[in-house]
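The values are calculated or read from the model by the stated rules, or taken from the named source; none is laboratory data. Keep in mind that this is a model prediction, so the values were computed, not measured. Here the Cβ positions follow ideal geometry from the backbone for every residue, glycine too, while neighbour counts run over all protein chains shown. Note: areas computed on protein heavy atoms with side chains; ligands, DNA, RNA excluded. Shrake-Rupley method; radii C 1.70, N 1.55, O 1.52, S 1.80 Å.
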Amino acid sequence: MSRYQVRPATLRDAKAIAEIHVLAWRAAYQGVLPEEALRGLSVEKRHTFWREAIELYEPQVHVATDDGKVVGFVAFDRSRDKGTPSTTGEIWAINVTPSHWSQGAGLALWDAARDGLEEEGCTKV
């Protein structure tokens, strides 16, 4: 049993999602991407993107919480790749705050996305 609760994101979650997105990328891609690119990541731009995604429900966004605090998110929907069958799903993004890496939050998010895609009729991801 996971200590994480996973639920659909609400507009109130958009800022936390944006902050996690930037924080996780800076930690994961340090030494991989140029430092200036990582410094250029903007919580404000990510906030706008995730707010719109949550409002439009495209992609579907779920958050993982630990003791009520958002610690990760997953975005998923049908595949955007041209020519793929409508039964093919896609994980658009999955990010967890670095302090919760390797503790099961990512798995809980993956499980929720898989379940959501199965509900949509997707048989592949």
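Does the range 3-24 hold any residues that are part of a loop (DSSP other than H, G, I, E, B) and polar (S, T, N, Q), and which are they?
10
From 52, 58, 90, grab the single residue that is open to solvent by 20 Å² or more (accessible area, probe 1.4 Å), in a helix (DSSP H, G or I) and not hydroxyl-bearing (Ser, Thr, Tyr).
Result: 52 is the single residue among 52, 58, 90 that is open to solvent by 20 Å² or more (accessible area, probe 1.4 Å), in a helix (DSSP H, G or I) and not hydroxyl-bearing (Ser, Thr, Tyr).
With the structure loaded, tell me whether residue 27 is touching a Phe, Trp or Tyr at 6+ places or on another chain (Cβ under 7 Å), at pLDDT 95 or above and either part of a helix (DSSP H, G or I) or farther than 18 Å from residue 104 by Cα (or both) or whether it fails that test.
no
Step by step: first the residues of the range 32-49, then only those that are over 18 Å from the mean Cα position of the chain (by Cα) and open to solvent by 80 Å² or more (accessible area, probe 1.4 Å), then the one that is modelled with the highest pLDDT. Which residue is that?
My answer is 32.
Looking at the range 68-87 only, could you name the residues that are in a strand (DSSP E or B) and among the acidic types (Asp, Glu)?
The answer is 77, and nothing else.
Please go through the range 1-24 and pick out each residue that is among the aliphatic types (A, V, I, L, M) and modelled with pLDDT under 95.
Answer for the range 1-24, where residues must be among the aliphatic types (A, V, I, L, M) and modelled with pLDDT under 95: just 1.
Is the range 103-113 home to any residue that is open to solvent by 20 Å² or more (accessible area, probe 1.4 Å), farther than 15 Å from residue 59 by Cβ, in contact with a strand residue (DSSP E or B) (Cβ under 9 Å, 6 or more places away or on another chain) and in a helix (DSSP H, G or I)?
Checked against the condition, which is being open to solvent by 20 Å² or more (accessible area, probe 1.4 Å), farther than 15 Å from residue 59 by Cβ, in contact with a strand residue (DSSP E or B) (Cβ under 9 Å, 6 or more places away or on another chain) and in a helix (DSSP H, G or I), the range 103-113 yields at least one hit.
Of the conditions (1) aromatic (Phe, Trp, Tyr); (2) buried (at least 20 other Cβ atoms within 10 Å of the Cβ); (3) at pLDDT below 95, residue 73 clears all except one; give me its number.
(3)
Identify, please: which residue in the range 69-119 is closer than 17 Å to residue 54 by Cβ and of a type outside the set (A, V, I, L, M, F, W, C) and is, among those, farthest from the chain's Cα centre (by Cα)?
Selected residue: 116.
Looking at residue 14, is it touching a residue at least 12 places away in the same chain (Cβ under 8 Å) and under 29 Å from residue 120 (Cα atoms)?
yes
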